[in-house]
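Everything below concerns the one structure shown next.
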């Protein structure tokens with residue numbers, strides 16, 4: 001019996017399909033790359049974990065501009081290197097008058113970067129980690145006027161400071177020593193800021209400040225002094241001694257001061273015994289601050305005083321007749337005779353309102369009284 005033609009056609013078609021499928025390559029398993037033997041690793045130098053990478057400045061038109069600084073054509077005499085995570089001071093260009101290096105990680109200041117920078121007038125080194133400044137640095141910059149080194153790690157006042165210096169800011173360091181002669185021949189210095197250090201009475205001799213004939217502001221607040229500093233220049237205008245441990249003031253301490261206008265002795269250990277009653281009765285004094293002490297009475301003061309801070313003592317009463325610089329029975333018609341006190345702070349004592357009438361009668365310029 002013969003098979004139909006359609007049967008043979010279908011059979012041939014199936015055979016062809018099978019042949020095609022049989023020729024498809026079988027998937028191969030992925031082969032692993034041959035492993036190479038590891039080379040022994042050489043440790044690379046690591047940056048301190050608390051110091052971020054150095055920040056480079058933008059391209060500069062000045063070929064002498066350090067890469068980590070900014071040299072602006074608008075200020076050709078300024079070199080701005082602040083906030084760049086700098087560890088070492090770069091070479092300073094000759095044209096620099098104003099040098100900004102604050103907010104970096106500089107640990108010491110050496111003379112090499114200043115070899116050509118003989119015209120520098122202003123250096124800001126605040127908020128670094130400086131523990132040493134070579135005295136040779138100042139031999140390279142003899143015309144320096146302003147030196148700011150606050151918030152660092154200095155343990156003593158730098159030596160070799162130039163005689164040209166007008167402002168020296170050394171607050172918030174660890175200074176416990178002023179080397180002999182460190183402030184000598186500095187007759188141009190007008191501001192000396194030693195706030196928040198570790199200076200004691202033994203660190204300040206009678207000759208420490210003797211050459212500072214132009215000094216107008218002396219800030220020794222937040223140290224560990226128990227006595228008033230000796231040998232303070234008599235041209236001083238502002239004397240700040242807050243947050244020490246001062247217990248008494250010699251009765252003639254302020255005699256000879258011809259321009260003293262601002263005295264701050266807040267947060268000390270002053271009592272009535274340690275404060276002679278008339279010690280602050282000096283005609284030039286405008287602002288007197290004695291807050292946070294142990295006073296029970298108000299010291300005498302002159303008619304020229306304008307601001308008096310006596311808050312947070314142990315004062316129990318206030319007698320306008322006793323503290324008035326002028327007699328209440330005297331002639332008050334002349335304005336020059338009326339005491340100039342405008343601000344009086346007495347809060348934090350053992351007082352209670354109302355304000356005694358004799359206080360109002362005496363201090364007629366009083367604009368504000370806090371009680």
Extension gain (nm, one decimal) between residue 245 and residue 72, 0.36 nm per residue minus Cα-Cα: 57.5 nm
Among 93-105, 133-145, the order from most to least packed when residues are scored by Cβ within 10 Å on average: 93-105, 133-145
Inter-centroid distance (Cα atoms) of region 56-100 relative to region 156-206, Å: 29 Å
Mean separation of Cα contacts under 8 Å, 6 or more apart, over the residue count of region 97-174: relative contact order %: 29 percent
Cα gyration tensor, region 53-207 - rounded (a/c under 1.5), prolate or oblate: prolate
Residue 350-residue 107 pseudo-label distance in nm [points 7 Å out on the Cα-to-Cβ vector]: 5.5 nm
Residue 184-residue 115 FRET efficiency (beta carbon distance; Förster radius 30 Å; 0.05 resolution): 0.70
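Read-outs: derived from the displayed coordinates by stated rules, not from any lab. Just so it is clear, the model here is predicted, and its values are computed rather than measured. Glycine gets a Cβ as well: all are built from the backbone with ideal geometry, and neighbour counts include every protein chain shown.
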